[in-house]
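Beneath this line is the structure, given in structure tokens, with notes to follow.
The values are calculated or read from the model by the stated rules, or taken from the named source; none is laboratory data. None of these values were measured; they are calculated from a predicted model. Don't worry about glycine lacking a Cβ; one is built from the backbone with ideal geometry, like all the others, and counts go over all protein chains shown.
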Amino acid sequence: MDRETVQVFSAVLGLATIAGGLVTLVALVLEKSVGWAVGWMSVVRESALWLMFMITGGAMVGSLYFSEVANFAPCKLCWYQRIAMYSIAIISFVAALRRDKRIAPYTLTLAAIGLVVSTYHYLLEWYPQLESSVCSVDVPCTTVWFREFGFVTLCFMAGSAFIAVIALSVSLLRENETSSELTETSINSSTD
């Protein structure tokens, strides 16, 4: 595939990722009152660890393609986003193999930090005057390597992945809380 095709494909994946993340966040809010949300959350919770790994692993491979094959030099903010994304990819892969859903506090924290950085980076791309000497002169954070569909850039795609990870992490946290409440209720019932 040529670079332009990879850019469009990555942008479409980024849009699908943010759509899935936003639908999951809405389903989390409506879970107790709307039927489709219950079904959606059931499917999401069942596959959350592998979804998280596929999203962040795909973002990791994509970022390496763009820097190592397409020669888009990553700026300082790109590296901060990569630190969060690559960490989540590794953590979620190990957790998925072990079926360990207790990773949610860690992935939520990393994704929240990554989202803050990617949001700031995205704002810098649109408003370069906001740049506050965070990045170097040779690889400025205001460089836009591509803008598919008029708005999808590399940091937008990273932000999309972080939003999806946040949604998946919150769904796991809620599942863990519900499981803890059920366990506590059954313990209290058996002692009565």
- Here are some residues: C155, C141, C135. Which one is crowded, with 20+ Cβ neighbours inside 10 Å and assigned to a loop (DSSP other than H, G, I, E, B)? C141
- Query: Taking segment 161-180 on its own, how many of its residues are surrounded by 14 or more Cβ atoms within 10 Å (Cβ to Cβ) and over 17 Å from S92 (Cα atoms)?
  - Reply: 1
- Task: Can you work out which of the residues in segment 117-148 that are β-branched (V, I, T) and more than 23 Å from I166 (Cα to Cα) is farthest from the chain's Cα centre (by Cα)?
- Result: V137
- Quickly run through segment 34-76 and pick out the residues that are farther than 24 Å from I103 by Cβ and either touching a Phe, Trp or Tyr at 6+ places or on another chain (Cβ under 7 Å) or of a type in the set (S, T, Y) (or both). Y65, F66, S67, F72
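Residues checked against (1) in contact with a strand residue (DSSP E or B) (Cβ under 7 Å, 6 or more places away or on another chain); (2) surrounded by 13 or more Cβ atoms within 10 Å (Cβ to Cβ); (3) modelled with pLDDT under 95:
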{"site": "M1", "(1), (2), (3)": "no, no, yes"}
{"site": "F9", "(1), (2), (3)": "no, yes, no"}
{"site": "E31", "(1), (2), (3)": "no, yes, yes"}
{"site": "K76", "(1), (2), (3)": "no, yes, yes"}
- Please indicate, with yes or no, whether at least one residue in segment 100-117 is more than 17 Å from V152 (Cα to Cα), in contact (Cβ under 8 Å) with a residue 60 or more places away in the chain and hydroxyl-bearing (S, T, Y). yes
- Note on the structure: Across segment 8-29, the tally of residues that are in contact with a helix residue (DSSP H, G or I) (Cβ under 9 Å, 6 or more places away or on another chain), in contact (Cβ under 8 Å) with a residue 12 or more places away in the chain and either closer than 24 Å to V144 by Cα or not in a helix (DSSP H, G or I) (or both) stands at 7
- Item | Selection within segment 92-116 - surrounded by 18 or more Cβ atoms within 10 Å (Cβ to Cβ), hydrophobic (A, V, I, L, M, F, W, C) and within 13 Å of the chain's Cα centre (by Cα) | A104, L108, L110, A111, L115
- Item | Candidate set: segment 40-74, residues that are over 14 Å from the mean Cα position of the chain (by Cα), closer than 18 Å to L25 by Cα and touching a residue at least 40 places away in the same chain (Cβ under 8 Å); chosen: the one surrounded by the fewest Cβ atoms within 10 Å (Cβ to Cβ) | R45
- Can you spot a residue in segment 54-69 that is in contact with a Pro (Cβ under 8 Å, 6 or more places away or on another chain), assigned to a helix (DSSP H, G or I), under 16 Å from S160 (Cα atoms) and among the hydroxyl-bearing types (S, T, Y)? yes
